[in-house]
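J.: Supplied in structure tokens, the structure appears directly below.
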Amino acid sequence: MDLVPLKLVTIVAESLLEKKLVEEVKRLGAKGYTITPARGEGSRGIRSVDWEGQNIRLETIVSEEVALRILQKLQEEYFPHYAVIAYVENVEVVRGEKYV
Amino acid sequence: MDLVPLKLVTIVAESLLEKKLVEEVKRLGAKGYTITPARGEGSRGIRSVDWEGQNIRLETIVSEEVALRILQKLQEEYFPHYAVIAYVENVEVVRGEKYV
Amino acid sequence: MDLVPLKLVTIVAESLLEKKLVEEVKRLGAKGYTITPARGEGSRGIRSVDWEGQNIRLETIVSEEVALRILQKLQEEYFPHYAVIAYVENVEVVRGEKYV
């Protein structure tokens, strides 16, 4: 079986940002995404306010290049304004050619 | 503390497949699984149709051997017919003996 | 961009344990957490009973030291009494300084 090493990028954010984030990751090269409902609490006192209400957990499997593009974008345009968490993991994917 | 290196297999699929997938992973050696609700969009235009409605995100922690068996099965019998995503990650698990 | 290697700890448990687990991980050093709804089945016959009803999937990004503290605590005080799954993964995080 053909397992392809790729990057899994996970973004946790307010659900109001969903549409914008989906457009962003697709524009930056993601071919798909999965969203699960989430809620939580952030690292600064002020963020518990932001985090009230519903959050989303958006996952997308991408190449390393696209992963870095997405994280860069989040760092520049989202983190200064929104309560957003983003992290990247190594995954091995079946049918990896679909993701790049 | 005893941390055991194992594989975390994640499968995202239409929720109609849940029962079938759960039976499949258990038959192939998984001792348990976790399901979270999900939705998303896939890599081909045609898949956004398949992905409408509710999806599930099924996770199971297994040995490498069982992980490969599950992915092989998905590749042979699910990917040709259904909108399914599957990937595998390295995890370290407490009470690892429960999973193999 | 500054990606910091950290640990992602995932805990799956009965939702009745949510408040207790959140307090526990914060007390042990976690600066935040994300919760998604979940359900599933465990490795022992007896656990499928415990697992009926709603579960939660709690994720927290922490230093390796805090991750080990959390897993140790779970092992000592939760695993003997509750149906709990816990595992740890390597992640790379944007704005890693927020998590330690």
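J.: Of C:Val62, C:Val94, which residue is open to solvent by less than 40 Å² (accessible area, probe 1.4 Å) and at pLDDT 95 or above? If you could, list the steps in order and put the result at the bottom.
T.: Values: C:Val94 fails: at pLDDT 95 or above.
Unique residue meeting the criteria: C:Val62.
J.: Anything in the range C:64-100 that is in contact with a helix residue (DSSP H, G or I) (Cβ under 7 Å, 6 or more places away or on another chain) and not basic (Lys, Arg)? List them, or say none.
T.: Initial filter on the range C:64-100 (in contact with a helix residue (DSSP H, G or I) (Cβ under 7 Å, 6 or more places away or on another chain)): C:70, C:73, C:82-84, C:86, C:88, C:93-94.
Residues satisfying the conditions are C:Ile70, C:Tyr82, C:Ala83, C:Val84, C:Ala86, C:Val88, C:Val93, C:Val94.
J.: From the set of residues in the range C:1-52 that are basic (Lys, Arg), within 23 Å of A:Glu59 (Cα to Cα) and open to solvent by 40 Å² or more (accessible area, probe 1.4 Å), which is modelled with the highest pLDDT?
T.: Let us first name the residues in the range C:1-52 that are basic (Lys, Arg), namely C:7, C:19-20, C:26-27, C:31, C:39, C:44, C:47.
Next cut, within 23 Å of A:Glu59 (Cα to Cα) only: C:7, C:31, C:39.
Next, only the ones that are open to solvent by 40 Å² or more (accessible area, probe 1.4 Å) stay: C:31, C:39.
Working: C:Lys31: 94, C:Arg39: 89.
Once the filter is applied, the top-ranked residue is C:Lys31.
The values are calculated or read from the model by the stated rules, or taken from the named source; none is laboratory data. Everything numeric here is computed off the predicted structure, so don't read it as measured data. All Cβ positions, glycine included, derive from the backbone under ideal geometry; neighbour counts span all protein chains shown. Accessible surface is based on the protein model in full, side chains and every heavy atom, while ligands, DNA and RNA are left aside. Shrake-Rupley method; radii C 1.70, N 1.55, O 1.52, S 1.80 Å.
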